[in-house]
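The values are calculated or read from the model by the stated rules, or taken from the named source; none is laboratory data. In this text, all values refer to a predicted model and were calculated from it rather than measured experimentally. Positions of Cβ are generated from backbone atoms using ideal geometry, with glycine treated the same way; all protein chains shown enter the neighbour counts. Calculation scope for accessible area: heavy atoms of the full protein, side chains included, ligands and nucleic acids excluded. Shrake-Rupley method; radii C 1.70, N 1.55, O 1.52, S 1.80 Å.
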Amino acid sequence: MDKKIPVGVLGATGMVGQQYIRLLSDHPWFEVAYVAASPSSAGKKYSDALKGGWIVEGEVPAHVGSLIVGDVANVKRAEGSCALVFSAFEMPDKEAIKATENAYAASGIPVFSNASAHRGTPNVPMLIGEINPHHLDVIPHQQKANGWKKGFIVVKPNCSLQSYLTPIHALIAAGFDVEKLIITTMQAVSGAGYPGVASLDVIDNIIPLISGEEEKTETEPLKILGELKGGKFVPIKGLSVSAHCNRVPVSDGHLACVNVLFGKKKPSMQKILNIWKIFRGEPQELELPFAPKQPIIYRDEPNRPQPKRDRDADKGMAVTVGRLREDNVFDFKFVALSHNTVRGAAGGGILNAELAYKKGLLDV
Ligand code: NAP
């Protein structure tokens, strides 16, 4: 590639926004050319707008530190500056987030979003590259329905389901239908953004509620594993999910304990391990820059995965699984882990954009 594709980051000063800036600093295709945040940051140099400072690894990349921050609501300022935006901004009202993302798409700028606002929109794909890359086929329908020419919206699912859904998909894709899942998550504090959960609430404690998270964990997998029919998504039939979501005193890395009940066909333990070992998705086949080489890594040690030791597997993009054993209520149980602000947020968003680029959806 002679010239990198200029991209923008909306919410660039936040937890996920900073991960985007860090991960994109030496990306082979994309280069950060535009940053935007709330009106209180707009007009400042990026490095001066970081309210709690630079909170991710390394240093602010020099060329981004000197960019002047735009106001997310000012779509005109982004036009001509970037060929796509990664959306990681917060607003008190979901409808306002939706309207803002729509405005970018309408102005011809594709949006790769981390927000939940559009996850339920029937013609917006909720993408995990290894699971449902074909859901990008909805984009022409989405553009036609909205009268958008070059712009479109792709969303990422909630970070809580990132760790276990690829292992479950691999089993379904190998011919073993899953009927029931019970998921118990232990989610890191970085999942709440910056400054996030008050230290006095979370140190020496576990909080058994993350508002709205259980509903997302129970419904989003059904759309992701569903089919695209007539320009809309039809949720997978015959699968039900029950979730407990807990906030735990861990900085990064969401862990999930999973109980699985299969349908008529039940794999052996060895078969499951083999399916996970050989599983590859389209990002691996296309050798996308952010694709982990092995998307599901199984650890044999009886006390893994652990957030501290496993969240950075393959630059934070691989899912680490362990403790597969028989369950005396359901069929099997296991533990899964993924990095919530990398695989579950910025890294996953970048992988989605890489996929869209390779499929010729970006007009660059
Ligand atoms: P965060 O650390 O609180 O950052 C919020 C960002 O939104 C900041 O850049 C902030 O800008 C901006 N913002 C706040 N109010 C705004 C407004 N009225 N208009 C425009 N921009 C505004 O949150 P985060 O954790 O990065 O989360 C960002 C998005 O990603 C959320 O939708 C979240 O649900 C989603 N997400 C987060 C994670 C995670 O693990 N943290 C994972 C998956 C998805 P200022 O600095 O100027 O205030």
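In summary, no lysines lie within cross-link reach of Lys45, defined as a Cα separation below 16 angstrom excluding same-chain residues under 8 places away. Size descriptors for region 112-187 (Cα atoms only): Rg and Dmax, in that order, 14.5, 42 Å. Among beta bridges from DSSP that stay inside the chain, the antiparallel ones total about 45%.
Every helix of 4 or more DSSP H residues in the chain counts as -39500 (n - 2.57), and over all residues that averages to -7500 deg cm²/dmol at 222 nm. Take the Cβ atoms of Lys229 and Asp71, set R0 to 51 Å, and the FRET efficiency comes out at 0.85. In region 159-338, the DSSP beta bridges split such that about 65 percent are antiparallel, to the nearest 5. Only one residue of Ser66, Gly53, Gly17 has its Cα farthest out toward the positive end of the dipole of region 1-130, where Lys and Arg carry +1 and Asp and Glu -1 on Cβ, and that residue is Ser66.
Keeping every protein chain present and rolling a 1.4 Å probe, give me the accessible area per residue for region 159-338 in Å². Roughly 48 Å² per residue, with all protein chains present.
Diagonalising the gyration tensor over the Cα atoms of region 195-340 and scaling each eigenvalue by 5 before taking the square root yields semi-axes of 25, 21, 19 Å, largest first. You can think of it this way: the chain between Ala106 and Lys44 has 19.6 nm of extra reach, that is 0.36 nm per residue less the Cα-Cα gap.
When the pairs Lys180/Lys232; Lys266/Lys359; Lys293/Lys359; Lys44/Lys223; Lys98/Lys150 are compared against a 28 Å limit on Cα-Cα distance, Lys266/Lys359; Lys44/Lys223 fall above it. The distance between label points at Thr184 and Leu200 comes to 3.0 nm (points 7 Å beyond Cα on the Cα→Cβ vector). Springs between Cα atoms under 10 Å define the GNM used for the chain, and in it the highest mean-square fluctuation of Glu95, Glu130, Glu354 occurs at Glu95.
Just the protein heavy atoms count here, and of the accessible area of the chain at 1.4 Å, carbon and sulfur take up 51 percent. Derived scalar couplings between HN and Hα for region 9-20 equal 10, 8, x, 5, 8, x, 4, 6, x, 5, 4, 4 Hz in order, rounded to whole Hz, by the Karplus curve 6.51 cos²θ - 1.76 cosθ + 1.60 (θ = phi - 60°), x for Gly and Pro. If you take all C-alpha pairs in the chain, what percent of them are over 26 Å apart? In whole percent, the share of Cα-Cα pairs in the chain beyond 26 Å is 48.
Across Asn132, Asn158, Asn274, mean-square fluctuation computed from a Gaussian network of the chain (C-alpha pairs under 10 Å connected) peaks at Asn274. In the elastic network of the chain, a GNM with C-alpha springs shorter than 10 Å, the most mobile of Ala256, Ala243, Ala192 is Ala192. Site pair Lys3 and Lys359 shows an inter-label distance of 2.7 nm when each label is modelled 7 Å from Cα along Cα→Cβ.
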